[in-house]
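*Asks:* Here it is, the structure in full.
The values are calculated or read from the model by the stated rules, or taken from the named source; none is laboratory data. Being a predicted model, the structure only gives us computed values, none of them experimental. With ideal geometry, Cβ positions are generated from the backbone for all residues, glycine too; neighbour counts draw on all protein chains shown.
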Amino acid sequence: MISFIIPTLNEEKTIENTLKSIGVFSGEKEIIISDGKSGDKTVEIAKKYTDKIVVHNGFGRQNIPQGRNDGAKIATGEYIVFVDADVTILDINNFIARGENYFKKDKKLVAITAGCIVFEDVATIFDKIIFKILALYFTFLNFIGLGAAGGEFQMIKREAFLKVGGFNEKLAASEDMDLFWRLAKIGRTKLPIGFNVYHTGRRAHKIGWPKLLWQWSSNTIKVFFFKKAPSEWKEIR
């Protein structure tokens, strides 16, 4: 079974498209929404597609790794698939079948991630160029055994996710890279060429690519060397 986990916070604009693309998956599945106490209609919309909804009940703002881990705590699938709330997976049956096939062919493979394509109606030339470069960069890092992933899509063997202790909840950012670094120490990780999901590109469009690339790189460096992210992602909706 596949456990799809989607962390949410005020995602009423995008969550329905994401859930629709996942909902047509014909294999055995569960869809888990892990919500950080949204103030909009996110949870109300999600109830149309799943009854597995975990709402953060702690004090303060829930960060992304906490949200993902909370969803994983109730997941029962052999594979845990983390998907961002503004992501659409086209032809999901073939997409997941392709992912499962990688695991079947390589018994040491513990996790795969995907490249990102911004929806054509909003994509800029910079979106297309930079995400292609990032995909090649992540493919290379996984190939040499270091591990690398974006948060938009991650498919992980449940036993491997539990073995490394899930996401590091102390990290405000770059928790996705950190997880794949640790997974790469117990098995193989992979970003297959041409294995892509679609998303809004909203953060780059809001703050601009120069600032976003600086935040990504500085967060990654700080997490790699000091296990501390210097900045938390601000909510962009």
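*Asks:* Consider only pairs whose beta carbons are under 8 Å apart and that are at least six residues apart or on different chains; among these, list those whose first residue lies in segment 1-17 and is more than 14 Å from K52 (Cα to Cα) and without any contact (Cβ under 8 Å) to a residue 12 or more places away in the chain and whose second residue is part of a strand (DSSP E or B) and among the polar types (S, T, N, Q).
*Replies:* Once the first residue is more than 14 Å from K52 (Cα to Cα) and without any contact (Cβ under 8 Å) to a residue 12 or more places away in the chain and sits in segment 1-17, no partner that is part of a strand (DSSP E or B) and among the polar types (S, T, N, Q) comes close enough.
*Asks:* Could you list all residues from segment 81-118 that are touching a Gly at 6+ places or on another chain (Cβ under 8 Å), part of a helix (DSSP H, G or I) and not aliphatic (A, V, I, L, M)?
*Replies:* N93
*Asks:* Do the conditions hold for I125, that is, is it of a type in the set (V, I, T), out of contact with any strand residue (DSSP E or B) (no Cβ under 8 Å at 6 or more places or on another chain), modelled with pLDDT of 95 or more and surrounded by 15 or more Cβ atoms within 10 Å (Cβ to Cβ)?
*Replies:* no
*Asks:* Hey, another quick one. Looking at this structure, is F180 touching a residue at least 24 places away in the same chain (Cβ under 8 Å), assigned to a helix (DSSP H, G or I) and in contact with a strand residue (DSSP E or B) (Cβ under 7 Å, 6 or more places away or on another chain)?
*Replies:* yes
Each row is one residue, and each column tells you yes or no for (1) surrounded by fewer than 17 Cβ atoms within 10 Å (Cβ to Cβ); (2) of a type outside the set (S, T, Y); (3) under 18 Å from I112 (Cα atoms); (4) in contact with a Ser or Thr (Cβ under 7 Å, 6 or more places away or on another chain).
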site: F161; (1), (2), (3), (4): no, yes, yes, no
site: D178; (1), (2), (3), (4): no, yes, yes, no
site: R188; (1), (2), (3), (4): no, yes, yes, no
site: N196; (1), (2), (3), (4): no, yes, yes, no
site: S218; (1), (2), (3), (4): yes, no, no, no
site: F225; (1), (2), (3), (4): yes, yes, no, no
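*Asks:* Return the pairs, sorted by first residue and then second, in which the second residue is buried (at least 20 other Cβ atoms within 10 Å of the Cβ) and of a type in the set (F, W, Y), the first residue lies in segment 192-209 and is in contact (Cβ under 8 Å) with a residue 12 or more places away in the chain and within 15 Å of D84 (Cβ to Cβ), the beta carbons are less than 7 Å apart, and the residues are 6+ apart or on different chains.
*Replies:* Taking only residues 6 or more apart or on different chains, the pairs are V197/F153.
*Asks:* Could you check, for segment 66-81, whether at least one of its residues is out of contact with any Leu (no Cβ under 8 Å at 6 or more places or on another chain), of a type in the set (V, I, T), crowded, with 20+ Cβ neighbours inside 10 Å and at pLDDT 95 or above?
*Replies:* yes
*Asks:* Filter segment 110-120 down to the residues that are of a type outside the set (D, E, K, R) and either within 25 Å of Q66 (Cβ to Cβ) or surrounded by fewer than 21 Cβ atoms within 10 Å (Cβ to Cβ) (or both) and list them by number.
*Replies:* Once the filter is applied, which keeps residues that are of a type outside the set (D, E, K, R) and either within 25 Å of Q66 (Cβ to Cβ) or surrounded by fewer than 21 Cβ atoms within 10 Å (Cβ to Cβ) (or both), segment 110-120 yields V110, A111, I112, T113, A114, C116, I117, V118, F119.
*Asks:* Still on this structure, I have one more. Could you list, in sequence order, all residues of segment 10-35 that are surrounded by fewer than 22 Cβ atoms within 10 Å (Cβ to Cβ) and not in a helix (DSSP H, G or I)?
*Replies:* N10, E12, K13, T14, V24, F25, S26, G27, E28, K29, E30
*Asks:* While we're here: Looking at the structure I just gave you, is K170 modelled with pLDDT under 95 and either on the phi > 0 side of the Ramachandran plot or of a type outside the set (A, V, I, L, M, F, W, C) (or both)?
*Replies:* The answer is yes for K170.
*Asks:* Also, quick follow-up: Just name the residue that is surrounded by the most Cβ atoms within 10 Å (Cβ to Cβ) out of those in segment 36-61 that are within 17 Å of R237 (Cβ to Cβ) and acidic (D, E).
*Replies:* By that ranking, first place goes to D40.
*Asks:* Select from segment 135-151 the residues that are closer than 21 Å to A85 by Cα and at pLDDT 95 or above and write down the one among them that is surrounded by the most Cβ atoms within 10 Å (Cβ to Cβ).
*Replies:* If we take residues in segment 135-151 being closer than 21 Å to A85 by Cα and at pLDDT 95 or above, then A149 is surrounded by the most Cβ atoms within 10 Å (Cβ to Cβ).
*Asks:* Here is a further query. How many residues does segment 199-226 hold that are within 30 Å of K107 (Cβ to Cβ) and not β-branched (V, I, T)?
*Replies:* Qualifying residue count, segment 199-226: 1.
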